[in-house]
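> Below you will find the structure I want to go over with you.
Values in this text are rule-based calculations from the coordinates and carry no lab data. Quantities reported herein were computed from a predicted structural model and do not represent experimental measurements. Positions of Cβ are backbone-derived with ideal geometry, glycine not excepted, and every protein chain shown enters the neighbour counts.
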Amino acid sequence: MRYAFGIDVGGTSVKLGLVNTEGELIDKWEIPTRTEDGGRNVLPDIADSVKAKITEKGITEDIVGAGIGLPGPVDEDGVIRKAVNLHWDRTFNVADELSGMLGGMKVKAGNDANVAALGEFWQGAGKNYGDMVMVTLGTGVGGGIIHNGRIYAGVTGAGGEIGHLCLVPDEKTACNCGNHGCLEQYASATGIVRLTKEELDASDEDSELRHTEVSAKSMWEAVKHGDALAIRVAERFGFYLGWGLAVIAGVVNPEVFVLGGGVSKAGEMIIPYIEEHFKKHAFHACRDAKIVIATLGNNAGIMGAARMAIDD
């Protein structure tokens, strides 16, 4: 049996996995992400952890390589252009650097959202489909495009930055990216909170959301209970996300959209709100694209990273 390491780097922890070439997750573990001192310890810590696992498993000759997903734009050569969450304030080839620390092991690097998309395509909700777009609905909105079974990263690694589609150019509030009216401002967990507070402020209508901490989770719970105000928020969320997916479909024409991230934990109930507006706004030849919920959870990044190493 042959193996690859999948590495998913986050701002607080690094998730690592040992995956065989058939797509089975053999082992999974985490290490802290040490971002102090400009994040200079991040890659050495990863290299030490991988080497320790190789020794533990006795598989020195059986490794095809390692893949790493990172929170920032990464081009096809493995060059990352800064990573704020890791305190990396430089442009460098992360794949080459980690490979050197691993004695020349083949290393492939990619943006974390793109890598998670590849994982869902390989062993998750996108497994039985062709071209796929993954949309991660978390604190922000990320995404990844899979074309012909491979990540489409674009020239600088920013391909799939779905959250920053401009939908409302006259929006007064700025997005975290500095632009205005991005999809992320309406369809992320923080966007849902914002829409909910707008609805609460606009009327004195009774709602269970007036008696609990407002969050994406509490909003969808209220929808489940038939709360009229929450349902209006869900409809606004669905309008913006459905419209955004329609725009994406007109460019990429995927067979399926896979929805991941914390908001997707509300499950299948969110899909009809999105589908209504997707079908209304999509070009007729794109309207049959499926919208499904991701299935790999936190393992998507590990699996996608391993697949990058296996594919190359």
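> Restricting everything to alpha-carbon atoms, can you work out Rg to Rh for the range 81-171 with a Kirkwood hydrodynamic radius?
1.03
> Now a separate question. Give me the angle, in degrees from 0 to 90, between the Cα long axis of helix 42-57 and the longest principal axis of the Cα atoms of the chain, rounded to the nearest 10.
60 degrees
> While we're looking at this one, here's another question. Calculate how steeply helix 271-281 sits against the longest principal axis of the alpha-carbon atoms of the chain, using the helix alpha-carbon long axis, and give the answer as 0 to 90 degrees to the nearest 10.
On a 0 to 90 degree scale, this one is about 80.
> Using the Cα centre of the range 127-295 as origin and beta-carbon charges of +1 (Lys, Arg) and -1 (Asp, Glu), tell me which of Gly178, Ile291, Ile192 is placed farthest towards the positive end of the dipole.
Among Gly178, Ile291, Ile192, the one farthest towards the positive end of the dipole of the range 127-295 is Ile291.
> Tabulate in residue order the Karplus-calculated ³J(HN,Hα) for the range 295-300, using 6.51 cos²θ - 1.76 cosθ + 1.60 with θ = phi - 60°, rounded to whole Hz; enter x for Gly and Pro.
10, 8, x, 6, 8, 4
> Output the 0 to 90 degree angle, nearest 10, between the alpha-carbon long axis of helix 228-252 and the longest principal axis computed from the alpha carbons of the chain.
Its long axis makes an angle of about 50 degrees.
> Of Gly38, Gly262, Gly157, which has the largest mean-square fluctuation in a 10 Å C-alpha GNM of the chain?
Among Gly38, Gly262, Gly157, the largest GNM mean-square fluctuation belongs to Gly38.
> Additional query: GluC sites (Glu not before Pro), restricted to the range 1-56: which are DSSP loop and have at most 14 other Cβ atoms within 10 Å?
Passing sites in the range 1-56 are Glu22, Glu24.
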